[in-house]
Structures are given as structure tokens and as C-alpha cells.
Amino acid sequence: FLPRQFHVAVVENSDVSHVSKAMWLFPLYLFLINIFVMPVAFGGLLLGGSQAEADSFVLTIPLSQGKHLLTLFAFIGGFSAATSMVIVESLALSTMVMNSLVMPGMYKFNKMQGFQAMLPWVIINVKRITILGCVFLGYFFAVFIGEFYSLVDIGLKSFEAVTIFAPSILLGLYWKKGNRNGAIAGIAAGFIIWFYTLIMPALLKSGILNQEGILVYILNSDILNPQALFSLKGLDKWSHSLFWGLLFNVTLYVGISLFTRQRGEDERQALLFVDSYSPKLITVQSSYSINQIEDILGQYIGKSEAKYIVYNFIRKNNIDRESISHNEILRLRDEAERVLSGALGSAIATIIFEDKFTLTAQERGDLSSSIKQMTDTLRLSRQELAEANRDLAYLKEFSENIIESAPVGIVTVDSGLRIKYWNRHMETITNIKKTNASDKIITELLPWINREMLTVGRQEEIIVKAASLKTFKVNISPFKDPSGGFVVIIENITEKIKMEEQLMQTSKLASLGKLTAGISHEIGNPLASISSLVQELKSLKTEPEESAEFTEDSLNTVNIHIDRIARIVRSLGDFARTSSAEKIPSKISEIIDRTVNLVKYDKRFKNIRLTTDIGNIP
């Protein structure tokens, strides 16, 4: 009765033998799966787990034993199963909606002007909207209600909902007096009971419904308590809901079916269901011939497939094609309608083969081309979707390879600053594994990244020093997405900074070599002058007064030359000395003066006059 099982077992079933095989193969499959469930359940309970945690036993058991790879393998398997469940379920439901609701509705507008041009757009987008609607309904239920219940509890709610359709389907298959009115009344009553006894308490527990007021008073009353409806006690909530739901469902279905008359359409549909594979002849006349049925089928599923279906029907029933009876024609028509139902939906298939609709050749041709275009459009959309999925998978793998191969660390964080991606190079520069970093807050994992850096909302690039004495260049870029988040690129530049410092020191030493000639010349001149004055003082043989005056002048000159040499040496020392990383206030004028004085000693500036005019700059 589940949508995907109904779609595969009923809508797409082409042979009754498939049902016969599924009757024993599917229960065997379920039995074999549950053989492996029991050891996991017992193991989880023996290791101290509770029934509320049973959903995660398959992960917590290997994790408690230190089997991290096995835990990861189980998680990936569960994720894959959940993904496939969402895909198959949404596709099955969207196909049902398209076949049973959308396509019959679109057929009513077939003669409207511009309908053919709109048809592809309508089909593709309605199916997309249906798929998105199914997925998001499940997501909203998980967010607002699912967190208060286990997976088993949610599954049992779903199975209880499926039982609403059981009386109508089972009785409709084997009881010919059941009619449309009884089925609708029974399903409606079952749905109301299911919603009141299971969903209403869930809405109250999750806080969606206000827990005060008249509604809460009704739910807590003795008669209308959803856990003890009509004062029935002693049953668990599942048995309680199932009992009342089936009671009202079956009672209304049988009662209203007995007290209301079947329409002609109801009788025909009942015969189609009950005797769908029965060899008994139905004494109803048909206006179709075997060739017409084959031609109609060929217009929608292809001529070769149509011929095979007709041939297979004739062979199985030992019918002579040339002398086929009206009853056999009607059975062949019903078989063809059943085949078309799997491709186009029961409503469209009924319209195509309904005798009471008199269609002209042009109208039948328009209907044929319209539905063929629908089928081609759906087939094309599936092909385009498959190609898009392949391209998306390739781009995802390609981009991940680029990120993993990048020589810098790349991290992505969400709006809550929790790490969502951690590439291989980040493991190298931080010695933190991806598994240990995932879903951690980045500012707690990397304390040298300030939280304020990630709240600016614009691209930032900063240099930070970690406690390990490593230096990192951090580039932070916000996501261009409403959900928020950041991309953080981290580069270890410790060695680069060391090399830059060494290169700067080497550059200074190279510049000193160029200045050597000029400096040696500048120092040599005053030294030669000093040496000459000293020699003259040694050989001086004049009067004491003249000697004292000459000696004083010579000493002043020597002092000037010594001061000049001292300035040269001091400037050279300031330039060559390795600077510390400490930043202190300095006067710009002094820096410029020292630089200009040093440059003057270079031979290349011998014929150049340097003038500084910096005003009152501090």
C-alpha cells in the first residue's frame, strides 16, 4: 500500500505472474533483512543503550568499540538508503500526481489556443513542483515534529496512515458491490481518526498548537481523549488508533455501499478490478476491432510494442485473430487500457478507450499527438535530468580535487562559524584531522583566528602568529549566499618571512659593496689630511707662540676630519645593522637626513647635488 510499492506492483505491473512471485519473494526479503536487525538491537541494549536510542545502534555499537571506519561505512550506507528513499518516493508520487490529476486536467484544455506551445513547460514544471513539494513536506515534518520522535515512531505513524486505504483496496478487489461513495466515506473517516489520535498529540507536543484553550480541554476530556477515544483504555496508542480507524472505515464503506446504488461506471470499474485477469467472458459489446486497438496502442507506446501486446494476449488466451468474438475484443481492449494506464495514467487511458465518447478522426489524432508530445517531453526531461546529474557529479568531483590539491589550507564555515569543509592541506599546516575539525567552531579550534574577523561581511586579509610561532596569512571571504558563511584560505608563510628577512639583509650587504669605493675615498681624504698635519707637527721648528697657534689650528682641522669619519661610520652602521621587529616612533626628518648623508658617499653621486627641504615634518 506504500506509494512506491503500489506504483511498482500495480501501476507498472504487466504480468500477473510477477504478483505471484512477489507474494513469496518479498516476504522472504523482509525476513532475511530482519535476521540482521535482531543482533544489532540486542547488542545495543546489552551495551547499555535505551529503546529511544535504538535508531542509532548501528552507529553507536561500532563507535563504542573504536571501529571508526565501520561506523563511517554504516553511516554512508544509511545516508545512501535515505537518499534513494527520498528520490524513489518523490518520483513515484510525482508520477501518480501527473498521471491521475495533472494530465486528465490538461486534456480538458487540449483545444485551447496556444495549449500545444505551453504543454512542455507545464509538464516539466508541474512535475518539478510536485517533486519539490514532496521533499519539502518531508523536511518540514522532520524539522518541526520529527525531532520529538524516533524513526520507528514516525514510521509507525506512516504505516497507520497507509492502513486507511486497506479496506477500500482489499474489499474493492474482492467485493463487487462496493462503490465510490462508500470508499470516499470510509477513507475520510479513517483519515480523521488517524489525524486526531496520532497527529494532534504530535502537534501539541512539538508546540505547533497552543497548549491552552478549548482545544486542549477537548483533548483531555474522558470521551474525546485521543489516547483513550470514547473511554476505550488498555490499548497502546498504535492499537488504539488502528482499532477505531478500521472500525469507522469498514463500517462506513460497507454501510454506504449497501444503501447507495452503484453507477454504471462503478460497476464497470469493479468488474475491471475483480476480474482483471479472469478468463470469464464479459457480455458487453465493443465498437472496436482488433486492428483499431493495435493502432491506438501503437500511437502511444510504439507499433512494435503494440503488436507484441496483442500477439501475447491472443497466444495466452488461444484466440483466433480472424474469428475473434466481441467479448474477446472487450477483454483485449481492457488489457490495452491497463497497459496504457502504466504509461499515461488510468484517467487518460479510460478516456482513450471509453466507448461512450465519440471522437472524430481529427479529435483522436489531436489527442494522440498531444499525449505523444507529453510522453516525449517527459522522456526528454528525464534524459536532460540524467545528463545534468552527471555533469553536476563531474563538476563536484573536479572542484573537490582542485580544493584538495591546492597548496593552501581551505576551510568553509556556516553562519554559526561551524566548520563544514576542511581540505587536506589544512591537516598538514595545523596537524588537525578533518574528522576532528568537522562541525567544530573555527575560533575555538584555531584560537589565533579572531571571531571579529568573521563578522565584518567583506573580504579581509591579515597576518597572524600562532602559539606555535608559525606565521599565517589568512584570507576571509563571505559567501555570496543568503544562508551566510565564509571561505577561509590559510597559508603558512613562516618560511617565506624568514627568507624575506634574509633577502633584505643580503640586499643591504650588496648595497654596502657598492658604497665601499665612495666611503673608502671619503674616509681616505680626511685620514691623508690628518697624517699630513701630524707629520708637519713632528717637523715643526718655530717659535713657541707660532707653534702653539699652528698646533691649535691643526688640531681643529684633525677634529673636523675625525668627526667626518665618525659620521660616515655611524651612518654605515645604522644601515648595515639588523633591525629588530619592534616598532618605535621615529622622526622622518632624521631618517631622511641619515639616508641622504650616506648616499652622498657613493661615487655615483659625486657630481650630484642633493638638497632636502622637508619643512616642519616631525
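Read the figures in this text as sums done on the coordinates, not as results from a lab. Remember, it's a predicted structure, so these values are computed and weren't measured experimentally.
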For Asn225, distant residues with modelled amide H under 5 Å away: Phe230, Ser231
Translational diffusion of region 407-492, µm² s⁻¹ [Kirkwood Rh, Cα pairs; Stokes-Einstein; 20 °C; 1.002 mPa s]: 167 µm²/s
